[in-house]
2 protein chains.
Amino acid sequence: MSLDRPALIAALRALLPADAVLEAEEARRPYECDGLSAYRQLPYVVALPHTVDEARAVLQLCHRHQIPVVARGAGTGLSGGALPHAEGVLLSLARLNRILRIDPVGLTATVEPGVRNLAISEAAAPHGLYYAPDPSSQIACTIGGNVAENSGGVHCLKYGLTVHNVCAMKLLTIEGELLELGSRALDAPGYDLMALAIGSEGMLGVAVEVTVRLLPVPERAQVVLAAFDDVGKAGSAVGEIIAAGIIPAGLEMMDGPAIQAAEDFVHAGYPTDAAAILLCEVDGTNQEVSEHIARIREVLEAAGATEVRSARDEAERALFWKGRKAAFPAVGRISPDYYCMDGTIPRRRLPEVLKRTAELSREYGLPVANVFHAGDGNLHPLILFDANKPGELARTEELGGRILELCVEVGGTITGEHGVGIEKIRQMCVQFRPEELNQFRAVKQAFDPLELLNPGKGVPTPRHCSEYRTLPHKHSHEHA
Amino acid sequence: MSLDRPALIAALRALLPADAVLEAEEARRPYECDGLSAYRQLPYVVALPHTVDEARAVLQLCHRHQIPVVARGAGTGLSGGALPHAEGVLLSLARLNRILRIDPVGLTATVEPGVRNLAISEAAAPHGLYYAPDPSSQIACTIGGNVAENSGGVHCLKYGLTVHNVCAMKLLTIEGELLELGSRALDAPGYDLMALAIGSEGMLGVAVEVTVRLLPVPERAQVVLAAFDDVGKAGSAVGEIIAAGIIPAGLEMMDGPAIQAAEDFVHAGYPTDAAAILLCEVDGTNQEVSEHIARIREVLEAAGATEVRSARDEAERALFWKGRKAAFPAVGRISPDYYCMDGTIPRRRLPEVLKRTAELSREYGLPVANVFHAGDGNLHPLILFDANKPGELARTEELGGRILELCVEVGGTITGEHGVGIEKIRQMCVQFRPEELNQFRAVKQAFDPLELLNPGKGVPTPRHCSEYRTLPHKHSHEHA
């Protein structure tokens, strides 16, 4: 690095308006972590550009002086992807927050990265359109962060993740070049650098404009709640709904501890004696929804549900979902701390993985509540712990790692929608072989050879992996 | 290159069974071109491996001796992506043609690259499932070629291109390393090298296993035929259907010359006095289809259709589509030669682009028939010409280039589903700025630094682009 901190700040102040450079510790403090608050780091300085040109100037300065840059949206990410670098610039895109264009014939919205996810649907609503991916943080999270983490949500079973719903993007490279990627058509020539950038956690470039696909708002949505006296039966029912030829808009599962916590918190009318519930939503035309709901009720009853209830009206539908959406904070009320994992498994392995997660929970003496996107096999085990008990955070992280490795073992992945960030970088050594990790590193070199963009995230170094393999629990696990 | 042709052939024979190396000219002849038959080149030698290990051995040999490799599926591609290299190995994946697994709960099929597109749907049919992307060559074309070109089809408006329907892939690098990319879940950690590989025209690696998503076969499909006395009105109707909140499964347009040719050929019952017809198909549950068809008929009538006809039964639906699918060969009957272009435009620019294409057709004195995926703005102008007339092929290619540049000018792209290959490599210089082309080249370097995989395709060199800018018609066009 060729600039010390005062010189860097002076250089930024020369490029940006006064309100776009945060220097004081109390001004930097809100940026010290994202949603993964177990990891904290004060950034060297925070830059808050108002325009693409200002963002470009920050990147060019950092490139010239080899200073690390971590881009940040709303900071709601759960894998520490926006954790600052101790000697780097934290580049907040929050002020690039204009909706540039809604095209109701092309079915697209073009927005700056700091636009909130829900704000896109609000702006599209007068045209009867909406943006489908709906992370639970959608009130707060921004499309730039969604792009960085390839975010999903309750409805991605039917509508896909961010990568399936973005058609074009402008990406600033670390050298400050503006790449126009994708197109408003379905296809674009050349290598698909747009898809490559989505989910790359700010390590290849910084998105400064995003064009998303909009969909017609469905005529009707309806949700069915089914209760089961056995978690395995609920897991099997998930596969049976899909095998019946129905792709629900959302298909969520909660287990006993999660049901209890949610019900105590928001009184959603959940059956608190159930071992598991499924929430299955279908959307479409009026008649289509009625047909699908009838078929789903049959499948659920045949799968051994002890109770099957359709929401009687829109208010009850909202209430069913309120319980699901409040499940994480609800669990937060009954435990000093909780740690939300994120892995995927093939749908048909659900019953087995839930059983083995319960065994791991007992082995570590740490309760696990399950609240997750069952339809697409995206698990979110919540590990309940107390960070004030010596060693409990470390054991929690180890248990989380074991659960992710279980996902890999059955043919799944270590992330469904939260990304790798700093949190799962060691599990990348389990997910991938050296060939694939080397190819990731080669692609990184093609964009950012000085490794200035979000260093230390996403892709482990060979040393990370060799160290990981010597951890004590790895041996006990391998010999088990 | 460190091996002459006899030594290369001897080395291949040492690695592969006798029937896997084609040396004689008459055996190599069928491989001299793909569907873009205006370009022909005999390969040095053809390798036809039976297994992934044999394919890997070919790549390793070529890498060691720096010999170019062009991978090939069924050879139905239309942009010359599989045109052989004069001093290279043509690597046919046709014998890697096993269906490895159908997973009706996970909704996936795992197949080798030489499996035909339609064979996947046939294998999935007993489970009530199918593979959605349906290029018109789907009887013959293979999934490996579909992956290389990111193929589409009539139904990609609703169901997306190949990239939206593939979830995992095994890719051999030129060094013979096997990369496992993607996952059977929606998301996968690490950079999205799978999406990057799709549409990369065999320039980053060779797909040797592909896992595609399967969908439930819709309960019902129905098609409406609408006739218009004006091409512009038909173009406007396309946007109005979409703006009415309906995403049809397919929305195709044919203009007068295409209607006449198709009707003469297959007697589909098309109104031959129409200036344009639209074919609009919806699929889903029985009721949903009825509701959508009724709404679409209203929109078409309000848009000025002179006739709106729903197919009376499955036989008539098949007949309507038969005319569309036979349109290319039908045009082939009325002209000594035809050249099929492939570009995209924003849907709302359709009427304007059709008008300007007609003007260009008059300027060049070459008839153009239009048959295309109107719903997703993917044009397929067919230029009618006679290759035996001196200079007419060159003028046809120039007209084709002008049409593609028109697509770029209105915010579209130079390919919708056929790829760049050798055909459109010069138009890449119009589509992209040097920054983006440089980034493509850097990504290529990250996979294939010796540039052995399909050299000369897809991404132009800086020299390509500087030469292109000096072409005479470029000047007249720029000054127009």
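The values are calculated or read from the model by the stated rules, or taken from the named source; none is laboratory data. Here the structure is a predicted model, which means the values were calculated and not measured. FYI the Cβ positions are ideal-geometry reconstructions off the backbone, even for glycines, and counts take in every protein chain you see. Just so you know, the surface numbers come from the protein's heavy atoms only, side chains and all, with ligands and any DNA or RNA stripped out. Shrake-Rupley method; radii C 1.70, N 1.55, O 1.52, S 1.80 Å.
What tally of residues in region B:236-248 results from selecting those that are part of a helix (DSSP H, G or I) and β-branched (Val, Ile, Thr)? Within region B:236-248, residues that are part of a helix (DSSP H, G or I) and β-branched (Val, Ile, Thr) number 3.
Of the helices (runs of 4 or more DSSP H) contained entirely in region A:107-219, those carrying at least 1 residues that are in contact with a Pro (Cβ under 8 Å, 6 or more places away or on another chain) and aromatic (Phe, Trp, Tyr) fall at A:156-159.
Close Cβ contacts (under 7 Å, 6 or more residues apart or on different chains) running from residues in region B:285-298 that are under 25 Å from A:GLY245 (Cα atoms) and at the interface with another protein chain (Cβ under 7 Å from one of its Cβ atoms) to residues that are in a helix (DSSP H, G or I) and among the charged types (D, E, K, R) comprise B:THR285/A:GLU288; B:THR285/A:GLU291; B:GLN287/A:GLU288; B:GLN287/A:GLU291; B:GLU288/A:GLU288.
For residues in region A:325-347 being modelled with pLDDT of 90 or more and within 14 Å of chain B (Cβ to nearest Cβ), which is farthest from the chain's Cα centre (by Cα)? Filtering first and then ranking leaves A:PRO346. Looking only at region A:128-153, residues that are open to solvent by 10 Å² or more (accessible area, probe 1.4 Å), in contact with a Ser or Thr (Cβ under 6 Å, 6 or more places away or on another chain) and free of Cβ contacts under 8 Å to residues at least 60 places away in the same chain come to 0 in all.
Collect the residues in region B:433-470 that are open to solvent by less than 20 Å² (accessible area, probe 1.4 Å), assigned to a loop (DSSP other than H, G, I, E, B) and within 12 Å of chain A (Cβ to nearest Cβ), keeping them in residue-number order. Of everything in region B:433-470, those that are open to solvent by less than 20 Å² (accessible area, probe 1.4 Å), assigned to a loop (DSSP other than H, G, I, E, B) and within 12 Å of chain A (Cβ to nearest Cβ) turn out to be B:ASP448, B:LYS457, B:GLY458, B:PRO460. Filter region B:97-111 for residues that are buried (at least 24 other Cβ atoms within 10 Å of the Cβ) and under 23 Å from the mean Cα position of the chain (by Cα); which is farthest from the other protein chains (Cβ to nearest Cβ)? Per the stated criteria, the residue is B:VAL111. Checked against (1) in contact (Cβ under 8 Å) with a residue 24 or more places away in the chain; (2) away from chain B (no Cβ under 14 Å), A:PRO390 passes all but condition (1).
Can you say whether A:GLY256 is open to solvent by less than 30 Å² (accessible area, probe 1.4 Å), at positive phi and not assigned by TED's automatic domain parsing to the domain that holds A:LEU129, as far as the supplied structure shows?
Details: open to solvent by less than 30 Å² (accessible area, probe 1.4 Å): yes; at positive phi: no; not assigned by TED's automatic domain parsing to the domain that holds A:LEU129: yes.
No; evaluated as a whole, the condition is false for this residue.
If you check every pair at least six apart or on different chains, which have Cβ atoms under 9 Å apart with a residue in region B:21-37 that is closer than 29 Å to B:GLY400 by Cβ and modelled with pLDDT of 95 or more first and a residue that is buried (at least 17 other Cβ atoms within 10 Å of the Cβ) and among the basic types (Lys, Arg) second? Taking only residues 6 or more apart or on different chains, the pairs are B:TYR31/B:ARG72; B:ASP34/B:ARG72. Here is the figure for region B:162-186: residues that are closer than 30 Å to B:ARG64 by Cα and of a type in the set (A, V, I, L, M, F, W, C) total 8. Condition (residue is away from chain B (no Cβ under 14 Å) and touching a Phe, Trp or Tyr at 6+ places or on another chain (Cβ under 7 Å)) applied to region A:355-367: is it met by at least one residue? Yes, region A:355-367 contains a residue that is away from chain B (no Cβ under 14 Å) and touching a Phe, Trp or Tyr at 6+ places or on another chain (Cβ under 7 Å). Out of B:ILE143, B:ILE139, B:ILE120, one residue alone is under 17 Å from the mean Cα position of the chain (by Cα), at pLDDT 95 or above and of a type outside the set (Asp, Glu). It is B:ILE143. Once region A:198-223 is narrowed to residues that are more than 26 Å from A:LEU179 (Cα to Cα) and open to solvent by 10 Å² or more (accessible area, probe 1.4 Å), the residue that is nearest to the chain's Cα centre (by Cα) is A:LEU215.
Counting residues in region B:227-235 that are within 12 Å of another protein chain (Cβ to nearest Cβ) and either part of a helix (DSSP H, G or I) or at pLDDT below 95 (or both) gives one or more. The set of residues from region A:58-96 being of a type outside the set (A, V, I, L, M, F, W, C), under 24 Å from A:ALA27 (Cβ atoms) and open to solvent by 30 Å² or more (accessible area, probe 1.4 Å) comprises A:GLN60, A:HIS65, A:THR76, A:HIS85, A:GLU87, A:ARG95.
To keep it simple, each residue is scored yes or no on (1) open to solvent by less than 20 Å² (accessible area, probe 1.4 Å); (2) touching a residue at least 60 places away in the same chain (Cβ under 8 Å); (3) more than 22 Å from B:ASP134 (Cβ to Cβ).
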site: B:LEU186; (1), (2), (3): no, no, yes
site: B:LEU196; (1), (2), (3): yes, yes, yes
site: B:LEU225; (1), (2), (3): yes, yes, no
site: B:SER236; (1), (2), (3): no, yes, yes
site: B:ILE242; (1), (2), (3): yes, yes, no
site: B:GLY245; (1), (2), (3): no, no, yes
site: B:THR272; (1), (2), (3): no, no, yes
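Reported count of residues in region A:286-330, each being of a type in the set (Asp, Glu) and buried (at least 17 other Cβ atoms within 10 Å of the Cβ), is 2. With respect to the stated conditions, A:GLU405 fails to be assigned to a helix (DSSP H, G or I), surrounded by fewer than 17 Cβ atoms within 10 Å (Cβ to Cβ) and not aliphatic (A, V, I, L, M).
Working carefully through the options A:ALA318, A:ALA294, A:ALA274, A:ALA305, find the one that is out of contact with any Gly (no Cβ under 9 Å at 6 or more places or on another chain), part of a loop (DSSP other than H, G, I, E, B) and in the same structural domain as A:ALA243 (by TED's automatic domain parsing). Spell out how you get there, then give the answer.
Details: A:ALA318 fails: part of a loop (DSSP other than H, G, I, E, B); A:ALA294 fails: part of a loop (DSSP other than H, G, I, E, B); A:ALA274 fails: out of contact with any Gly (no Cβ under 9 Å at 6 or more places or on another chain).
Only one candidate qualifies: A:ALA305.
Looking only at region B:166-196, filter to residues that are closer than 23 Å to A:HIS418 by Cα and of a type in the set (Gly, Ala, Ser); which one of those is modelled with the lowest pLDDT? So the residue we want is B:ALA185. Restricting B:LEU251, B:LEU279 to those that are buried (at least 24 other Cβ atoms within 10 Å of the Cβ), in a strand (DSSP E or B) and within 14 Å of another protein chain (Cβ to nearest Cβ) reduces the list to B:LEU251.
Checking B:GLY182, B:GLY190 one by one, the residue that is facing another protein chain (nearest Cβ under 7 Å) and open to solvent by 10 Å² or more (accessible area, probe 1.4 Å) is B:GLY190 and no other.
The set of residues in region A:419-432 that are at the interface with another protein chain (Cβ under 7 Å from one of its Cβ atoms) and aliphatic (A, V, I, L, M) comprises A:VAL420, A:MET428.
Tell me, which residue of region B:331-370 that is within 21 Å of B:ALA38 (Cα to Cα) and of a type in the set (Val, Ile, Thr) is most open to solvent (accessible area, probe 1.4 Å)?
Initially, region B:331-370 is screened for residues within 21 Å of B:ALA38 (Cα to Cα), giving B:331-343, B:361, B:364-370.
Checking the rest, the ones that are also of a type in the set (Val, Ile, Thr) come to B:331, B:334, B:368.
Numbers: B:VAL331: 1, B:ILE334: 95, B:VAL368: 21 Å².
Out of the qualifying residues, it is B:ILE334.
For region B:8-41, the tally of residues that are aliphatic (A, V, I, L, M) and open to solvent by less than 40 Å² (accessible area, probe 1.4 Å) stands at 10.
Filter region A:135-178 for residues that are out of contact with any strand residue (DSSP E or B) (no Cβ under 9 Å at 6 or more places or on another chain), within 10 Å of another protein chain (Cβ to nearest Cβ) and of a type in the set (S, T, N, Q) and give the result. The answer is A:ASN150, A:SER151.
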